[in-house]
Amino acid sequence: MQTTFYDLLFTTAPGRVFSPRRSTEGLVRRALTAIGEGPKKVADVGTGTGAIAVTLAVHNPLIEVWAVDKNPDAVALAQANADLHDVGARVHALEGDLLEPVPVPVDVVVANLPYLPDSLHDSTYDREPPDAVYAPGDGLDPYRRLLNACRDGKLVTPGGVVLIQFHREALAANCWELEDLRGRLEQRAQAAA
């Protein structure tokens with residue numbers, strides 16, 4: 001199957017890899033602004049089809065992107081979509097957890113991770129892999145782990161920016177504001193419950 005995301009055509013694999021949604025285009029816009037004009041190193045965590053990573057690379061020919069996912073089907077699909085858009089040399093699809101497989105510190109981290117609690121089943125996502133949508137407990141553990149990884153200073157450059165998707169909203173913080181971002185994330189999760 002194919003879908004359009006940010007005016008680009010992407011191959012999808014419903015049921016095996018989370019399909020890109022128009023609501024995530026706001027995250028891409030925010031990321032493009034954060035990246036700016038110059039060369040940057042970017043990580044797209046939880047890449048799925050690679051829609052975010054590929055779109056960023058298409059719109060900024062000076063960036064290099066590491067597209068990470070735990071799902072091997074997603075990694076293969078992200079690389080295929082990067083090749084489809086002739087950015088495969090700058091988009092590196094890697095299998096692994098969060099930022100662990102990224103070989104260099106990055107300037108910008110973009111993530112659309114599972115954040116719905118297991119207890120909040122939403123039929124909108126019935127055709128998606130459950131582990132790409134739902135997370136245990138209050139659902140925020142994947143984002144908590146990502147923010148902790150960013151905070152250690154080895155994976156994100158000083159002054160780096162973290163952008164996350166949460167309930168169709170793009171939230172951003174530089175690496176010194178991660179606790180503030182964690183607080184905003186938890187407040188929004190409580191309000192949505």
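Remarks
- In terms of its Cα atoms, the chain spans 41, 40, 26 Å along the principal axes, sorted from long to short.
- Calculated mean residue ellipticity, 222 nm, the chain: -9500 deg cm²/dmol, from DSSP H runs (n ≥ 4) at -39500 (n - 2.57) each, averaged per residue and rounded to 500.
- Scanning the chain for GluC sites (Glu not before Pro) in DSSP loops with at most 14 neighbouring Cβ atoms within 10 Å leaves 38-176 as the longest stretch between them.
- Inter-site label distance for Gln187 and His85 at 7 Å from Cα along Cβ, in nm: 3.3 nm
- Across region 2-192, the relative contact order, built from alpha-carbon pairs under 8 Å that are at least six residues apart, equals 20 percent.
- Summarising the amide proton neighbourhood of Ile63: residues at separation of 5 or more, or on other chains, whose placed amide H is nearer than 5 Å comprise Lys40.
- Placing dummy labels 7 Å off each Cα toward the beta-carbon, the span from Asp97 to Lys70 is 0.8 nm.
No lab work stands behind these numbers, since they all come straight from the coordinates. From a predicted model like this one, the values you see are computed outputs, not experimental measurements. Virtual Cβ from ideal backbone geometry, glycine too; neighbours counted across all protein chains shown.
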